Amino acid sequence: MDISIGIPVYNEQENIEKLLKFLSKQKYCTEIFVVGGGKDDTVNVIKKFREKIKNLIFIEEKVRKGKSSAVNLILKMAKGDAIVFIDSDTLPANTAIQLLVKKISGDVGVVGGRPIVEVKCWKDDLSAIIWDMHDILLKLFPEKFSGSFYALKSGIIKKIPHDIINDDGFIASKVLNKGYSIAYEPNAVAYVKNKNDLISHLRRRRRINVGYWQLKKLDIGLIPFPIILEVLISYIKTNKRNIFNILIIIGLEVIANLLAFVDRLTKTTPYIWKR
């Protein structure tokens, strides 16, 4: 199976260097697309890897257009049987990509991996808890996947709306509507390296919640509240020591929802993530 890699990127000079260094050692990648740019040294880092990775195709966007624009360019240009999308702040474990692609067969249209956060301080713990609950969710409700790291069977999705925020929710809906299924591979671990300070966390959750409103407007079903409650209870049962951080997460989620509501009233769609 030919495998295309797709990486949207912006202002990720340190993370994209680690990711490309990892991919330079993987011999199974037919082509590697990197789309985006940045105000830091991201562009120079990517260009440096052109000499090391012969199948690296870099499409520099002089004007920032957001992740969906990058995804659309990759969908248009990729020639592999499967496209593995990796966020530029995400680093797959050694065999994670192979584990994803291995499940792309028959009626399986998308296979999602398992993003995790390495906890180095209590702020990391907040993101780690969310991703751990996400793992529980995907085992209970396998109609969703994480947009940070997943494999998509080529040809199913031709294009996504340029201003869609939660691209994974949109793609999941279209894949299911076309008669394909979604699989989850929890052993396909990828390490997320994004900023975990409280302000960045709140901004990220605010943006995601605006994305939920966006999906709802498109008549795309969201995760039922009873499922969310079941996930929360399941996590608390086995992680009682984290109850204080869970309360912080709930509090931040309430604030994020309120801010997202304001965005909805003002018709603000932050599809371009600020870094």
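No lab work stands behind these numbers, since they all come straight from the coordinates. What you are looking at is a predicted structure, and each value in this text was computed from that prediction instead of being measured. Positions of Cβ are generated from backbone atoms using ideal geometry, with glycine treated the same way; all protein chains shown enter the neighbour counts.
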Original post:
By how many degrees, between 0 and 90 and to the nearest 10, does the Cα long axis of helix 243-265 differ from the longest principal axis of the chain?
Top reply: 80
**OP:** May I ask you to compute the full-extension gain from residue 50 to residue 217, defined as 0.36 nm times their residue separation minus their alpha-carbon distance, rounded to one decimal in nm?
**Re:** 56.0 nm
Subject >> Sequence ranges 143-150, 261-268, 93-100, ranked by mean other-Cβ count within 10 angstrom, highest first >> reply: 143-150, 93-100, 261-268
**OP:** Output the peptides 73-79, 254-260, 238-244 sorted from most to least packed, where packing is the average of other Cβ atoms within 10 Å over each peptide's residues.
**Re:** 73-79, 254-260, 238-244
Original post:
Once Lys and Arg get +1 and Asp and Glu get -1 on their Cβ, which of 34, 1, 231 lies farthest toward the positive end of the dipole of the chain?
Top reply: 34
Original post:
Relative to the first principal axis of the alpha-carbon coordinates of the chain, what is the inclination of helix 13-23, with its axis defined by its Cα atoms, in degrees from 0 to 90 and to the nearest 10?
Top reply: 60
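What is the mean projected area of the alpha carbon convex hull for region 196-275, to one decimal in square nanometres? Intermediate results must be reported in sequence, preceding the final value.
Numbers: hull surface 24.6 nm².
That works out to 6.1 nm².
Between residue 94 and residue 2, what is 0.36 nm times their sequence separation minus the Cα-Cα distance? Round to one decimal in nm. It would help to have the intermediate numbers written out before the result.
Working: separation 92, 0.36 × 92 = 33.12 nm, distance 1.82 nm.
Here the answer is 31.3 nm.
When only Cα pairs under 8 Å and 6 or more residues apart are kept, what is the percent relative contact order across region 3-195? Walk me through the numbers before you get to the answer.
Numbers: 385 pairs, mean separation 51.4, N = 193.
Value for region 3-195: 27 percent.
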Original post:
For residue 156 and residue 26, what is the calculated FRET efficiency with R₀ set at 25 Å and r taken between the beta-carbons, to the nearest 0.05?
Top reply: 0.60
Subject >> Neighbourhood charge, 12 Å Cβ-Cβ cut-off, centred on residue 224 and excluding it, Lys, Arg +1 and Asp, Glu -1 >> reply: -1
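Determine, for each peptide in 8-17, 53-62, 40-49, the mean count of other beta carbons within 10 angstrom over its residues, then list the peptides with the highest first. Don't jump to the answer; show the numbers that get you there.
Details: 8-17: 21.6, 53-62: 15.1, 40-49: 17.3.
Those peptides, ordered most packed to least, come out 8-17, 40-49, 53-62.
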Original post:
If one takes the longest principal axis of the Cα atoms in the chain, at what angle in degrees, from 0 to 90 and to the nearest 10, does the Cα axis of helix 198-217 lie?
Top reply: 90
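Holding the Cα-Cα limit at 21 Å, pick out from 21/102; 27/159; 27/54; 76/174 the pairs that are longer than that.
On the way: 21/102 23 Å; 27/159 28 Å; 27/54 11 Å; 76/174 17 Å.
From the list (21/102; 27/159; 27/54; 76/174), the Cα-Cα distance tops 21 Å for 21/102; 27/159.
Among 219, 125, 197, 135, which comes first, then next, by fewest other beta-carbon atoms within 10 Å?
Numbers: 219 7, 125 19, 197 12, 135 16.
By the 10 Å Cβ count, ascending: 219, 197, 135, 125.
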Original post:
What base-10 log of the normalised intensity I(q)/I(0) is obtained for region 12-58 from the Debye formula, alpha carbons as equal point scatterers, at q = 0.21, 0.27, 0.29 Å⁻¹?
Top reply: -0.64, -1.04, -1.18
**OP:** Could you tell me, in Å, what Rg and Dmax come out for the Cα atoms of region 133-275?
**Re:** 15.9, 46
**OP:** Kindly give Rg over Rh for region 106-162, based on alpha-carbon atoms, with the Kirkwood expression for the hydrodynamic radius.
**Re:** 1.08
Original post:
What is the spin-label model distance, in nm, from residue 77 to residue 60 if the labels are put 7 Å beyond Cα along the C-beta direction?
Top reply: 1.3
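Compute the normalised compactness of region 3-195: alpha-carbon radius of gyration over 2.2 N^0.38 Å, N being the residue count.
Numbers: Rg = 15.7 Å, N = 193, 2.2 N^0.38 = 16.3 Å.
My calculation over the Cα atoms of region 3-195 gives 0.97.
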